[in-house]
Amino acid sequence: MPNAKSLAIRPEDRRHKGRSRRESNNTLAYSRTNARATVQCAWCDRRFDSTDEYLTGRVRCARCGVATTSPWPSDEQLSAAYADWYRPESGRFSGLGDKVLRRTRSALANRLHRILPPGPVLDVGAGDGTLAGAFVRRGREAVGLEPYASGPHIRNAEIEEVDGNWSAIIFWHSLEHLRQPARALGHAATLLSPGGRLVIAVPNATSLQARVFGDRWLALDLPRHLVHLSPPALLSKVEALGLRVERVSYMRGGQVVFGWVHGFVGKLPGHPDLYDAIRRSEARQATPSPVLRLYALTAAVAALPFALAATAVEVAARSGGTIYIEARREPAPEKSPVI
Ligand SMILES: [Zn+2]
């Protein structure tokens with residue numbers, strides 16, 4: 001076994017990013033970047049001390065159980081991490097993947113449109129606006145917030161800059177990207193109209209797949225994911241905001257099966273990255289050779305039955321790779337008549 005020191009990325013390796021000498025463990029590579037260590041929990045603001053759990057590239061808070069990415073990336077590091085490869089205008093994935101994304105967004109919009117009170121929908125971290133567009137097609141006003149994209153329904157703003165009354169505020173795999181996620185939820189709760197819903201999907205950092213794949217788990221995604229949430233931490237926060245949790249799902253949040261397939265493929269010799277292999281060439285972090293790409297895709301097909309079985313187990317155990325919740329703002333209680 002090579003010791004930790006011999007695994008360090010030397011300067012000449014950095015210049016050959018994408019070649020075989022590139023560090024194949026993204027979490028480990030990020031943990032060695034030159035940025036200041038994280039000093040407090042991004043979820044509950046507790047200052048870290050020796051009682052917290054120091055993991056590769058993140059620190060798990062002893063009070064709330066949420067892990068915060070460490071070192072804490074600078075704005076420049078985050079911008080670089082979100083550079084064009086992450087979400088190019090031509091779409092992230094080859095044809096089929098983008099179609100699946102559009103269809104799942106459309107199904108989500110359908111379901112929410114049926115249960116929501118009248119009023120506009122706010123999608124925080126809206127990407128290219130696919131979900132917002134799905135609401136607009138159903139005749140409901142919708143706005144997406146997204147700093148890294150533009151589009152007909154997109155505004156480049158933070159949620160803290162938004163006011164008004166909204167029938168739903170959706171954080172679809174976006175909460176974990178925010179520097180102050182708890183503050184964002186707190187503000188979102190104040191913007192909901194009576195009967196409005198807060199809808200959240202985030203990776204479940206205490207899921208079975210997170211535990212099985214450890215530092216190579218797909219949804220760690222350092223440094224873009226700044227917090228790594230657990231279901232109890234998320235649910236207690238939402239309830240503390242005075243919302244009633246109506247639905248919790250460990251399947252609906254998407255990416256559960258893919259997390260397993262990606263993890264199984266990454267366990268093979270050479271640690272092929274399935275995520276890079278299925279993305280369009282302009283959307284890849286590194287460019288795998290055609291042979292490596294074929295290797296990763298073939299392995300993915302072989303891994304699929306095992307991934308489906310593992311998904312069934314973790315969803316049944318309420319330990320799925322994502323958490324999805326819908327929480328409702330109750331109408332204000334009627335004032336008792338003044339006598
Ligand atoms: Zn904490």
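The values are calculated or read from the model by the stated rules, or taken from the named source; none is laboratory data. Because the structure is a prediction, the values reported are computed rather than measured. As a convention, Cβ positions derive from the backbone with ideal geometry for all residues, glycine included, and neighbour counts pool all protein chains shown. Side chains included, ligands, DNA and RNA excluded: accessible areas come from the protein's heavy atoms. Shrake-Rupley method; radii C 1.70, N 1.55, O 1.52, S 1.80 Å.
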- Query: If you check GLN77 against the conditions, is it away from the ligand (no atom under 11 Å from the Cβ), in contact (Cβ under 8 Å) with a residue 24 or more places away in the chain and open to solvent by 40 Å² or more (accessible area, probe 1.4 Å)?
  - Reply: yes
- Query: Residues of region 303-335 being within 17 Å of LEU274 (Cβ to Cβ) and open to solvent by 60 Å² or more (accessible area, probe 1.4 Å), which ones?
  - Reply: LEU304, PRO305, PHE306, LEU308
- Task: Sort out which residues of region 186-225 are surrounded by fewer than 20 Cβ atoms within 10 Å (Cβ to Cβ) and among the hydrophobic types (A, V, I, L, M, F, W, C), and write them in order of number.
- Result: ALA189, LEU191, VAL212
- Item | One residue from ARG244, ARG183 being open to solvent by 20 Å² or more (accessible area, probe 1.4 Å) and either of a type in the set (A, V, I, L, M, F, W, C) or not in a strand (DSSP E or B) (or both) | ARG183
- Item | Pairs with Cβ under 7 Å, 6+ apart, first in region 255-267 and more than 15 Å from ASN26 (Cβ to Cβ), second assigned to a loop (DSSP other than H, G, I, E, B) | GLN255/GLY321; VAL256/GLY320; VAL256/GLY321
- Might you check whether a residue that is surrounded by fewer than 17 Cβ atoms within 10 Å (Cβ to Cβ), modelled with pLDDT of 95 or more and among the β-branched types (Val, Ile, Thr) occurs anywhere in region 267-289? no
- Are there any pairs, at least 6 apart or on different chains, whose C-beta atoms fall under 8 Å, with the first in region 30-47 and free of Cβ contacts under 8 Å to residues at least 12 places away in the same chain and of a type in the set (Asp, Glu) and the second open to solvent by less than 40 Å² (accessible area, probe 1.4 Å) and away from the ligand (no atom under 16 Å from the Cβ), and if so, which? none
- Note on the structure: Being part of a helix (DSSP H, G or I) and either of a type in the set (Gly, Ala, Ser) or at pLDDT below 85 (or both) narrows SER79, SER90 down to just SER79
- By residue number, the members of region 48-72 that are open to solvent by 30 Å² or more (accessible area, probe 1.4 Å), within 9 Å of the ligand (Cβ to nearest atom) and in a strand (DSSP E or B) are ARG60
- Message: I'm trying to understand the selection: among the residues of region 25-47, which are outside any loop (DSSP other than H, G, I, E, B), out of contact with any Pro (no Cβ under 8 Å at 6 or more places or on another chain) and closer than 30 Å to GLY270 by Cβ?
- Response: ASN26, THR27, LEU28, ALA29
- Query: In region 121-146, what residues are of a type outside the set (D, E, K, R), open to solvent by 30 Å² or more (accessible area, probe 1.4 Å) and in a loop (DSSP other than H, G, I, E, B)?
  - Reply: GLY139
- Would you check which residues across region 104-120 are touching a Gly at 6+ places or on another chain (Cβ under 8 Å) and either over 21 Å from ALA189 (Cα atoms) or open to solvent by 20 Å² or more (accessible area, probe 1.4 Å) (or both) and list them? THR104, PRO117, GLY119, PRO120
- In region 247-276, residues that are part of a loop (DSSP other than H, G, I, E, B), of a type in the set (D, E, K, R) and over 14 Å from the mean Cα position of the chain (by Cα) total 2
- Message: Suppose we keep only residues that are aliphatic (A, V, I, L, M) and away from the ligand (no atom under 11 Å from the Cβ) within region 36-47. Which one would you say is surrounded by the fewest Cβ atoms within 10 Å (Cβ to Cβ)?
- Response: ALA37
- Message: Quick check on this structure: which one of SER236, SER230 is at pLDDT 95 or above, closer than 27 Å to CYS61 by Cβ and open to solvent by less than 30 Å² (accessible area, probe 1.4 Å)?
- Response: SER230
